[in-house]
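Engineer: Got a structure for you, written out below as structure tokens; questions coming shortly.
The values are calculated or read from the model by the stated rules, or taken from the named source; none is laboratory data. The structure displayed is predicted, hence computed values, not measured ones. Because the Cβ atoms are built from the backbone with ideal geometry, glycine has one as well, and the counts that use them run over all protein chains shown. The protein model used for the area step is the full one, side chains on, heavy atoms only, and it has no ligands, DNA or RNA in it. Shrake-Rupley method; radii C 1.70, N 1.55, O 1.52, S 1.80 Å.
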Amino acid sequence: MNPRVLIADDQALVRTGFRMILTANGLEVVGEAADGLEAVEAAARLRPDVVLMDIRMPNLDGLEAARRILAAGPDCRILMLTTFDLDEYVYDALAAGASGFLLKDVTPEHLVASVRLVDTGDALLAPSITRRLVEKFAAPAEAGTGAGAGTGTGAGPRTPAVHRDLAALTPREREILTLMGRGRSNAELAGELVLSEATVKTHVAHIFTKLSLRDRAQAVVVAYETGLVAPGDGD
């Protein structure tokens, strides 16, 4: 079944272009929103499977809109739209539960594939890209909740991802979470740990369940913010 998509962007041409691409490829666009407040209202009313959410919008920015949408409908998947590949708000969105981000100059093929991917419950970002983003903006575990304040945007101090209790993990699961934080894919984990890829997927699913994680992007964030991984590890 094709995902139902809501497009939230303050540029009408962007919304129109994305709608044309998605509908031409068999995806249903259930609505559009021109700002964050409209996005929150539309998501509550239309219950889309995936929201394409611009970060910088009037009235309510995409980050806060994403938080509200995910709080009301945790099964919804959000892809953040940005013109910058290392926008600090993308990191905040990942920590809040967004499933990844897309640059606005994304190709039609990648746009469609990305929407389908996150609808399956996976994270869009390649582990290495997620790691690069987190290394730039994550607040280290020892820095406290005031670390990593936003710069020049009035956003105030960044709120780190919830520091889950890693004691719930087995030694193998901690090892896998650490390696995920270092950018390993499931196939790379299987090769490095001499496990089948199916076994790795089972361990990853257990980690998500125990730590209440939505996807791999949040797992990488938690690996950094709990101190399992430090910037530069795994390079």
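Engineer: Figure the gain on full extension for residue 116 and residue 46 (residue separation times 0.36 nm, minus the Cα-Cα span) and round it to one decimal in nm.
Structural biologist: 23.4 nm
Engineer: Sort 50-57, 188-195 by the packing proxy (mean of other Cβ within 10 Å over each peptide's residues), most packed first.
Structural biologist: 50-57, 188-195
Engineer: Calculate, for residue 167 and residue 202, the FRET efficiency according to 1/(1 + (r/R0)^6) with r their C-beta to C-beta distance and R0 25 Å; round to the nearest 0.05.
Structural biologist: Once rounded, the FRET efficiency stands at 0.80.
Engineer: Hey, can you find the accessible area per residue of the stretch 1-121 for me, probe 1.4 Å, expressed in square angstrom?
Structural biologist: Ligands and nucleic acids excluded, the figure is 42 Å² per residue.
Engineer: Ordered by packing density, taken as the mean number of other Cβ atoms within 10 Å over each peptide's residues, highest first, how do 98-105, 72-79 rank?
Structural biologist: Taking the mean over residues of other Cβ atoms within 10 Å, the ranking is 98-105, 72-79.
Engineer: Roughly what would the spin-label model give for residue 25 and residue 4, points 7 Å off Cα along C-beta, in nm?
Structural biologist: 2.1
Engineer: Once R0 is set to 30 Å, what does the formula 1/(1 + (r/R0)^6) return for the Cβ-Cβ distance between residue 109 and residue 59, expressed as a FRET efficiency to the nearest 0.05?
Structural biologist: Working: r = 32 Å, r/R0 = 1.08.
Given R0 = 30 Å and the Cβ-Cβ separation, E is 0.40.
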